[in-house]
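What follows draws every value from the coordinates through simple rules; no lab data is involved. Remember, it's a predicted structure, so these values are computed and weren't measured experimentally. Cβ: placed from backbone, ideal geometry, glycine included. Neighbour counts: every protein chain shown.
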Amino acid sequence: MPLPKTGTGAPDRTTHEATVTSKQTLSVIDNRTGKKYEIPIQNDTIHATDLRQIRVNDDDFGMMSYDPAFNNTASCKSAVTFIDGDKGILRYRGYPIEQLAETSTFLETAYLIIHGELPTRPQQTEWVDQITHHTFIHENIKKLMEGFRYDAHPMGMFVSTVAALSTFYPEASRVRDAQSRYRQIIRLIAKAPTLAAFAYRHNTGMPYAYPDNDLSYTGNVLNMMFKTTEAKYQPNPVLEHALDVLFILHADHEQNCSANAMRAVGSSEADPYSAMAAAAAALYGPLHGGANEQVLRMLREIGHIENVSEYIKRVKAKEVKLMGFGHRVYKNYDPRAKIIKRVADEVFEVVGRNPLIDIALELERIALQDDYFVSHKLYPNVDFYSGLIYEALRFPVAMFPVLFAIGRTPGWLAQWQEMLIDPEQKIARPRQVYIGAVKRDYVPIQKRS
Ligand code: CMC
């Protein structure tokens, strides 16, 4: 059953209780007391605070649910992205990812994710114009970049400079002001590629290349990364399109680790630059957006098709993980991985075949028929093939998570805005089950044995 749109229909507790029919409840018997409770069910979910009425006595705090890593806890109602992990379905605002990847552009998809609807032609023109005219960053950010070591990881530079942007736009702290919010959304989508490209140029010791407003969003990404002495950089249209599709595929993925970080930090009403720096930091980890980098390192370590079976044995012995495989939500083929495989072929036609693809295909072939992977429902995820394309586009591995971050920026911002306007949301503050020492008295150091 689709959830009501947040911010429009006030899906509050009153509505929640009013829509409950006699069968839409969960009966709970507390065997400690013999008491029976009727817990309302909405959207196949119970409200965790409804458990608090379950108490042994008046001093009892009340029942909580324990769910480390949010394995089975919805932290919000969201109208942005729908995933059915068992069926391998991904939709942004209702539109299947396959259709968007085939026919949309990244900027149009970003508009859809932020606004909830596809733009009309005038809306599209205005949106593209606004993003295009906010790509420049203050020259002092460049100076900040120059302070990093020559070999600084570009993701570390990206995280830091996104945070630093907040100091240039103090009005961004007005997170309850819709107009201010919108300005920061435009700025962040526009400036993310500039920060990413400057981090890359710093690493390679190349002079920073400024944005070119004549190019598309993605054409400009390639321009700022790869322009050398030519008067005007002309991106290869096949490669430009491939990167655009990759950005679309990464644009949002509902309550993943980094979106959750964005919402959690944003819930304290921190400005969106600070919140997005936290989201990007969460993305950096090898279990999340850093996985694409690890996939490439893994493929290089395997080195040859002949070594694949040996590597699979090590995975099954739990010595190593098969990076780019497995997902918290998908227990079927990640639909993004299917699309990426097709895009990889298009890119290889232009730049030549990446020899690591044969190792990747062999890994996938063996894994998909192996009992361990079948029984654990482990399939290739978005990161398994994306790195091979990034590498074919001449990006160094350290840039892979940064490219992921460019694509994910509209998703983080849509999640952030949705959280702020949702009347049910408050500052994110989980409970804990305390398992430490009971009260004891302080012992002066001379009396400690
Ligand atoms: N290789 C080998 N075994 C695995 C893998 C893997 N890649 N992923 C999960 N497993 C096993 C895991 O050892 C566990 O086995 P057992 O039940 O025998 O102890 C079982 O599968 C369940 O794993 P889990 O860690 O409980 O699953 P999770 O939902 O907590 O973790 C994951 C999801 C993505 C962190 C994990 O699958 C993983 O570490 N994959 C590799 C890293 C990766 O590719 N990450 C990118 C995710 S997609 C893009 C994104 O969101 O950024």
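Each Lys or Arg adds one and each Asp or Glu takes one away; over the other residues whose Cβ falls under 11 Å from the Cβ of Leu287, this sums to +1. Working from Cα pairs under 8 Å separated by at least six residues, relative contact order for the chain is 20 percent. By definition, a body whose alpha carbon gyration tensor gives a ≥ b ≥ c is oblate when a/c is 1.5 or more and a/b is not larger than b/c, and segment 326-426 fits this oblate description.
Going by neighbour counts of Cβ atoms within 10 Å, the residues Leu378, Leu118, Leu195 line up, fewest first, as Leu118, Leu378, Leu195. For Asp86 and Lys447 in the same chain, what is the full-extension length gain: residue separation times 0.36 nm, less their Cα-Cα distance, in nm? Answer, rounded to one decimal: 124.0 nm. Take every DSSP beta bridge whose two residues both sit in the chain; close to 100 percent of them are antiparallel.
Using the Cα atoms of the chain to build a convex hull, what is its mean projected area in square nanometres? Intermediate results must be reported in sequence, preceding the final value.
Values: hull surface 115.7 nm².
Over all viewing directions, the chain projects a mean Cα-hull area of 28.9 nm².
Listed from fewest to most Cβ neighbours within 10 Å, the set Leu246, Leu356, Leu287 follows the order Leu287, Leu356, Leu246. The value of relative contact order for segment 206-356, using C-alpha pairs under 8 Å at least six residues apart, is 19 percent. Rounded, prolate or oblate: which fits segment 281-363, taking a ≥ b ≥ c as square roots of the Cα gyration tensor eigenvalues, rounded meaning a/c under 1.5, else prolate when a/b beats b/c? Note, shape of segment 281-363 comes out oblate. Applying the criteria of a DSSP loop state and at most 16 other Cβ atoms within 10 Å to the trypsin sites (Lys or Arg not before Pro) of segment 295-349 yields Lys318, Lys321, Arg328, Lys331. Shape of segment 345-398 from the C-alpha gyration tensor: prolate (a/c of 1.5 or more and a/b above b/c, with a ≥ b ≥ c the square roots of its eigenvalues).
Counting beta carbons within 10 Å around each of Val128, Val382 and listing the fewest first gives the order Val128, Val382. Of the chymotrypsin sites (Phe, Trp or Tyr not before Pro) in segment 96-142, the ones in a loop by DSSP (not H, G, I, E or B) with at most 13 other beta carbons within 10 Å are Phe136.
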